[in-house]
Amino acid sequence: MDYVYAPGKNHLFVPGPVNIPEPVLRAMNRNNEDYRSPAIPALTKTLLEDVKKIFKSTTGTPFMIPTTGTGAWESALTNTLSPGDRIVSFLIGQFSLLWIDQQQRLNFNVDVVESEWGQGANLDVLESKLAEDGGHTIKAICIVHNETATGVTNDLSKVRFLLDKYKHPALLLVDGVSSICALDFRMDEWGVDVALTGSQKALSLPTGIGIICASPKALEASKTSTSVKVFFDWKDYLKFYKLGTYWPYTPSIQLLYGLRAALDLLFEEGIDNVIARHSRLGKATRLAVEAWGLKNCTQKEEWYSDTVTAVLVPSYIDSSEIVRRAWKRYNLSLGLGLNKVAGKVFRIGHLGNLNELQLLGCLAGVEMILKDVGYPVKLGSGVAAASAYLQNTIPLIPSRI
């Protein structure tokens with residue numbers, strides 16, 4: 001029973017947490033087990049082997065920590081760096097802002113490169129800093145791959161290009177919370193040293209597992225890190241990996257079974273097909289926004305996100321009212337504008353276990369809401385634009401051919 005009942009299904013289109021598919025719900029509907037029995041280590045071993053695939057890594061070491069993305073951030077930082085270490089970190093929206101705040105509170109020397117919200121990371125500034133840093137005082141580059149607050153995706157391959165161009169040894173730490181399992185992500189190819197995601201995003205699980213993958217270089221750095229860590233200490237995990245029991249403390253049994261089911265669904269569809277599906281969903285949403293006569297918060301096409309679209313509204317409309325009306329009248333959940341863009345944008349999340357017809361239902365709801373709040377939208381315009389594109393691009397379902 002919903003805490004606040006409404007007939008039918010809640011249409012969940014925030015950029016996380018996302019819809020949980022039925023096979024995952026069924027997999028988690030089970031009793032507790034003794035995590036020291038032979039069953040859970042055997043399950044964990046397969047999960048550790050398979051989560052590397054979502055990062056596209058064969059050399060990385062994964063950690064599945066009972067936490068959120070925020071905890072995964074802290075784990076990435078405290079295991080590879082020491083207090084006072086210089087970090088270059090990009091501020092492009094609310095979640096990069098929060099990560100920077102964490103970096104500062106953990107006593108790192110944070111060199112903030114700020115861009116206007118709606119723009120990507122300023123890599124020209126990064127190049128200047130790398131070129132000037134002959135003494136290699138910069139120990140890490142921290143970047144959010146996909147800034148959920150503004151719908152901006154950064155090009156990680158360009159960051160790696162710059163590091164290689166100047167032969168700079170700084171670690172590359174990447175927040176992939178709203179990108180991994182949805183956007184193209186190549187940990188090994190792009191030389192990412194620590195990548196992280198959260199279970200509640202494109203993996204389509206409940207919140208509760210922070211998944212981290214560390215390169216051999218990051219593991220080597222962890223040996224000399226002097227940051228205080230206890231719960232997030234990789235050394236404890238590595239110790240239990242060697243013992244074959246895997247867990248230094250109690251995991252969520254139900255989430256582990258859910259993760260197994262979620263990975264199986266991703267692999268059955270194929271990771272590249274999953275990425276292509278998200279590309280279609282992102283393009284269809286942007287076409288709808290254009291048909292409504294509204295603008296994307298993201299200022300250049302090269303930064304468009306295929307997991308979330310932040311829609312700018314006219315100055316006479318409070319975007320928060322759109323989100324409130326969506327929930328109160330249509331049982332539709334949209335994302336609020338955050339911090340600098342509060343009241344100026346609403347966000348449509350299109351990530352996770354989601355198909356094209358579900359998205360069209362959301363777009364139809366948004367059109368009615370825009371009409372409700374006084375915006376002169378032509379009903380059906382965005383749905384028509386998205387449908388025309390999708391009808392020409394949706395492939396046959398492989399398992400049903």
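Restricting attention to segment 298-308, the residues that are within 13 Å of residue 179 (Cα to Cα) and crowded, with 24+ Cβ neighbours inside 10 Å add up to 4. Here the condition is being open to solvent by 50 Å² or more (accessible area, probe 1.4 Å) and β-branched (Val, Ile, Thr); of 397, 348, it holds for 397 alone.
Residue by residue, here is whether (1) within 19 Å of residue 210 (Cβ to Cβ); (2) open to solvent by less than 60 Å² (accessible area, probe 1.4 Å); (3) assigned by TED's automatic domain parsing to the domain that holds residue 225 holds:
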| residue | (1), (2), (3) |
| --- | --- |
| 76 | yes, yes, yes |
| 87 | no, yes, yes |
| 112 | no, yes, yes |
| 120 | no, yes, yes |
| 125 | no, yes, yes |
| 132 | no, no, yes |
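Among the residues that make up segment 56-65, is at least one of them touching a residue at least 60 places away in the same chain (Cβ under 8 Å), on the phi > 0 side of the Ramachandran plot and open to solvent by 40 Å² or more (accessible area, probe 1.4 Å)? Taking every residue of segment 56-65 in turn, at least one turns out to be touching a residue at least 60 places away in the same chain (Cβ under 8 Å), on the phi > 0 side of the Ramachandran plot and open to solvent by 40 Å² or more (accessible area, probe 1.4 Å).
The conditions of being in a helix (DSSP H, G or I), in the same structural domain as residue 87 (by TED's automatic domain parsing) and crowded, with 18+ Cβ neighbours inside 10 Å are met by residue 163. On inspection, residue 97 fails the criterion of being in contact with a Pro (Cβ under 9 Å, 6 or more places away or on another chain), surrounded by fewer than 23 Cβ atoms within 10 Å (Cβ to Cβ) and either part of a helix (DSSP H, G or I) or not assigned by TED's automatic domain parsing to the domain that holds residue 191 (or both).
Within the option set 325, 277, 329, 260, being assigned by TED's automatic domain parsing to the domain that holds residue 57 and in contact (Cβ under 8 Å) with a residue 40 or more places away in the chain holds for one residue only, 260. Look at residue 149 and say whether it is buried (at least 20 other Cβ atoms within 10 Å of the Cβ), aliphatic (A, V, I, L, M), part of a loop (DSSP other than H, G, I, E, B) and without any contact (Cβ under 8 Å) to a residue 60 or more places away in the chain. Taking the combined requirement at face value, the residue does not satisfy it. Within segment 171-197, being in a loop (DSSP other than H, G, I, E, B) and buried (at least 24 other Cβ atoms within 10 Å of the Cβ) holds for 176, 177, 178, 179, 180, 181, 182, 185, 187, 192, 193. The set of residues in segment 198-252 that are of a type in the set (Asp, Glu) and part of a loop (DSSP other than H, G, I, E, B) contains only 233.
For residue 108, the criteria (1) surrounded by fewer than 23 Cβ atoms within 10 Å (Cβ to Cβ); (2) free of Cβ contacts under 8 Å to residues at least 40 places away in the same chain; (3) more than 27 Å from residue 337 (Cβ to Cβ) hold in every case but one, which is (1).
With respect to residue 59, is the statement that it is under 25 Å from residue 173 (Cα atoms) and more than 16 Å from the chain's Cα centre (by Cα) true? Yes, satisfied. Against the condition open to solvent by less than 60 Å² (accessible area, probe 1.4 Å) and in a helix (DSSP H, G or I), how does residue 320 come out, does it pass? The answer is yes for residue 320.
Just a yes or no: is a residue in segment 22-32 acidic (Asp, Glu), open to solvent by 30 Å² or more (accessible area, probe 1.4 Å) and either at pLDDT 95 or above or under 17 Å from residue 201 (Cβ atoms) (or both)? Within segment 22-32, one or more residues are acidic (Asp, Glu), open to solvent by 30 Å² or more (accessible area, probe 1.4 Å) and either at pLDDT 95 or above or under 17 Å from residue 201 (Cβ atoms) (or both). Of all residues in segment 327-360, those that are under 22 Å from residue 306 (Cβ atoms), of a type in the set (Gly, Ala, Ser) and not in a strand (DSSP E or B) total 2.
Cβ-Cβ distances below 7 Å connect the following pairs, each with a first residue in segment 194-220 that is touching a residue at least 12 places away in the same chain (Cβ under 8 Å) and at positive phi, a second residue that is in a helix (DSSP H, G or I) and open to solvent by 10 Å² or more (accessible area, probe 1.4 Å), and a separation of six or more residues or different chains: 208/255. On the stretch given as segment 227-264, residues that are surrounded by fewer than 17 Cβ atoms within 10 Å (Cβ to Cβ) and aliphatic (A, V, I, L, M) total 4.
The values are calculated or read from the model by the stated rules, or taken from the named source; none is laboratory data. Please read all numbers here as calculations on a predicted model, not as lab measurements. Cβ sites come from the backbone with ideal geometry, for glycine too, and all protein chains shown count toward neighbours. Note: areas computed on protein heavy atoms with side chains; ligands, DNA, RNA excluded. Shrake-Rupley method; radii C 1.70, N 1.55, O 1.52, S 1.80 Å.
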